[in-house]
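See below for the structure under consideration.
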Amino acid sequence: MQKDFNKLITTFKSSIKTWDYFVNWKKVFSNSSDLEISLNKLNYLLGKDNLEDEFKKLYSSNHDIAKALPVLLAVRENKLEVFDKITKNSNFFDFSGKEQNIDKCYEFLEKSGLARLFQKDGIKNLVDYVIGVEVGLDSNGRKNRGGILMEEIVGAFLSDFCDKNGYEYMFQACATNIKSK
């Protein structure tokens, strides 16, 4: 038995990273394209000297720009509760597309730190920025892909072993399927 275990150890691979491990690009571009129009409208604000006035002017005729604000903070939720440590109260923000109080919307922009993003020395294109944010958010999905990839890689080795030794390989075999075979 010890000899077989040592043989097993020598067959281990140092990495399970395949080309589809790193980033789910389809999801990244799909999520960013859903907001592309709103983000391009918000691009108008980049580098503006009087951000508050310009934001309010833009928002008054384009309420849809608000739905892009959470993702600029790497948040996928469109309804947010933010606790204020000073007042000890929660503020509620709804970015699902419904019109909000314009002052409250700008307050979110200012207090969240997003206003800094729009300053002259900030970024140049919000669409490109959001693609980067989406890549970062996708890193959590990488953990799931790692498990799936490990399953596929081990399955490939087990399938080869079964073929060479006259066994039948069953992917994700459950007790019922094993019993029926």
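For GLU77 and GLU54, FRET efficiency with R0 = 35 Å and r from the beta-carbon atoms, rounded to 0.05?
Efficiency, from the Cβ-Cβ distance: 0.85.
Hey, which lysines would be in cross-link range of LYS67, C-alpha to C-alpha under 19 Å, not counting anything within fewer than 8 residues on its own chain?
Hits, sequence-local ones excluded: LYS27, LYS41, LYS56, LYS57, LYS79, LYS98, LYS104, LYS111.
Do the sum for the chain: with -39,500 (n - 2.57) for every DSSP H run of n ≥ 4, divided by all residues, what is the mean residue ellipticity at 222 nm, to the nearest 500 deg cm²/dmol?
Helix contribution divided over all residues of the chain: -16500 deg cm²/dmol.
Compute the distance in nm between two label points, each set 7 Å from the Cα along the Cα-to-Cβ direction, one at ASP160 and one at SER33.
3.7
So for TRP25, TRP19, fewest C-beta neighbours within 10 Å to most, what's the order?
So the ranking, lowest neighbour count to highest, is TRP19, TRP25.
Please identify the helices of the chain, taking whole runs of DSSP H, that span at least 24 Å along their own axis as judged from the Cα atoms and have a mean Kyte-Doolittle score of 1.0 or higher.
Correct list, ordered by number: empty.
Grab the beta carbon distance between GLU99 and PHE22, set R0 = 30 Å, and tell me the FRET efficiency rounded to 0.05.
Computed FRET efficiency for GLU99 and PHE22: 0.15.
Please compute the length gained on full extension between ASN144 and MET170, using 0.36 nm multiplied by the number of residues separating them and subtracting their Cα-Cα distance.
Once the chain is fully extended between ASN144 and MET170, it gains 7.2 nm.
Taking the beta-carbon count within 10 Å as an exposure proxy, list MET170, MET150 from fewest neighbours to most.
MET150, MET170
Please compute one quarter of the surface area of the Cα convex hull for the range 125-181 and express it in square nanometres.
In nm², the orientation-averaged hull projection of the range 125-181 is 5.8.
Round to the nearest 0.05 the FRET efficiency obtained for SER61 and LYS111 when R0 = 22 Å and r is the Cβ-Cβ distance.
Computed FRET efficiency for SER61 and LYS111: 0.40.
Whole number please: convex hull volume per residue of the Cα set in the range 66-144, in Å³?
Taking only Cα atoms, the range 66-144 has a hull volume of 126 Å³ per residue.
Any idea how far the Cα center of the range 145-181 sits from the one of the range 1-50, in Å?
Using only Cα atoms, the two centres lie 27 Å from each other.
Quantify how much of the Cα-Cα distance distribution of the chain extends past 23 Å, in percent.
Here the long-distance tail beyond 23 Å is 59 percent of all Cα pairs in the chain.
If I model a spin label at ILE153 and LYS88 as a point 7 Å from the Cα along the Cα→Cβ vector, what separation in nanometres do I get?
With each label placed 7 Å out from Cα toward Cβ, I get 5.3 nm.
Take the Cα radius of gyration of the range 18-121 and divide it by 2.2 N^0.38 Å, with N its residue count; two decimals is plenty.
That ratio works out to 1.18.
Taken together, the values in this text are just the output of simple stated rules run on the coordinates, not laboratory data. Worth saying up front: this structure is predicted, and the values here are computed from it rather than measured. Glycine gets a Cβ as well: all are built from the backbone with ideal geometry, and neighbour counts include every protein chain shown.
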